[in-house]
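Asks: Have a look at this one before I ask anything.
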């Protein structure tokens, strides 16, 4: 059975103390209120990771992750951070291929493929983001765009390696815009993704891959989104900056 995951992406928000306070609230609420088998992952700015790793050390269902890594093991890359550094502070996950990284920093599928490799080498679970822009959605090209992102970014992996990857479908037109894909639109794409995985790796891998939805998911729409057959959780942006909202989204899976 594939994992149900609610991952928070704090992006470039919160100073050091504010981040620790928020994470402490999340942990305490999760202990009392999150009673299912769902996994929570908080992906914070780098400044928080070490302290969050200490706070989460004995909390079974709350993990931490980075928002990016460099593709090299180490070296003269001022301002970057390596997979081994992220792993060393207790992180278990890393977001790769977020639309903001693709758009603002020119990250290509080929570059992301190398980042996936280094993440897996160091035991980090990639949360690999795919999704279309508004223009690609309106032109009807979005299925081709998503298949290309999967093929060029991930399908060099063996079946065994791919089994460690989590996917996040994020319609770029629904990130920070207040727009949200309808549950039916999101399900249509998630079902398509799962079929592409089945074609590449077989039905077992497809059935066991967690595919998250990441496009303005909030406590008001999470229940309808997560009720879809192929949506296994969310990659949460703005709502992850409020402990009550983040936990309420996670509680959808309490059953």
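The values are calculated or read from the model by the stated rules, or taken from the named source; none is laboratory data. Since the model is a prediction, treat every value here as computed from it, not as a measurement. When we count neighbours, we look across all protein chains shown, and the Cβ atoms used for this are built from the backbone with ideal geometry, even at glycine.
Asks: In the range 224-238, which residues are assigned to a helix (DSSP H, G or I), surrounded by fewer than 21 Cβ atoms within 10 Å (Cβ to Cβ) and touching a helix residue (DSSP H, G or I) at 6+ places or on another chain (Cβ under 6 Å)?
Replies: Filtering the range 224-238 for residues assigned to a helix (DSSP H, G or I) gives 224-226, 238.
Retained after the next criterion (residues that are surrounded by fewer than 21 Cβ atoms within 10 Å (Cβ to Cβ)): 224, 238.
Scanning the range 224-238 gives a single hit, 224.
Asks: Pick from the range 122-142 the residues that are modelled with pLDDT under 95 and within 20 Å of residue 96 (Cα to Cα): which of them is surrounded by the fewest Cβ atoms within 10 Å (Cβ to Cβ)?
Replies: For the range 122-142, the residue satisfying everything is 133.
Asks: Still on this model: Consider residue 113 carefully, then state whether it is at pLDDT 95 or above, touching a helix residue (DSSP H, G or I) at 6+ places or on another chain (Cβ under 7 Å), more than 21 Å from residue 6 (Cα to Cα) and outside any loop (DSSP other than H, G, I, E, B).
Replies: Yes, satisfied.
Asks: May I pose another question? Could you count how many residues in the range 11-52 are surrounded by fewer than 18 Cβ atoms within 10 Å (Cβ to Cβ) and touching a strand residue (DSSP E or B) at 6+ places or on another chain (Cβ under 8 Å)?
Replies: Going through the range 11-52 one residue at a time, the tally reaches 1.
Asks: Determine if the range 71-90 includes at least one residue that is modelled with pLDDT of 95 or more, surrounded by fewer than 24 Cβ atoms within 10 Å (Cβ to Cβ) and in contact with a strand residue (DSSP E or B) (Cβ under 6 Å, 6 or more places away or on another chain).
Replies: No, the range 71-90 contains no residue that is modelled with pLDDT of 95 or more, surrounded by fewer than 24 Cβ atoms within 10 Å (Cβ to Cβ) and in contact with a strand residue (DSSP E or B) (Cβ under 6 Å, 6 or more places away or on another chain).
Asks: Within the range 158-193, can you find the residues that are out of contact with any strand residue (DSSP E or B) (no Cβ under 7 Å at 6 or more places or on another chain), surrounded by 14 or more Cβ atoms within 10 Å (Cβ to Cβ) and not in a loop (DSSP other than H, G, I, E, B)?
Replies: 161, 162, 172, 173, 174, 183, 185, 187, 188, 191, 192 - these are the residues of the range 158-193 that are out of contact with any strand residue (DSSP E or B) (no Cβ under 7 Å at 6 or more places or on another chain), surrounded by 14 or more Cβ atoms within 10 Å (Cβ to Cβ) and not in a loop (DSSP other than H, G, I, E, B).
Asks: Further question on the same structure: Within the range 206-223, work out how many residues are under 27 Å from residue 157 (Cβ atoms), in contact with a helix residue (DSSP H, G or I) (Cβ under 6 Å, 6 or more places away or on another chain) and part of a helix (DSSP H, G or I).
Replies: Of the residues in the range 206-223, 1 are under 27 Å from residue 157 (Cβ atoms), in contact with a helix residue (DSSP H, G or I) (Cβ under 6 Å, 6 or more places away or on another chain) and part of a helix (DSSP H, G or I).
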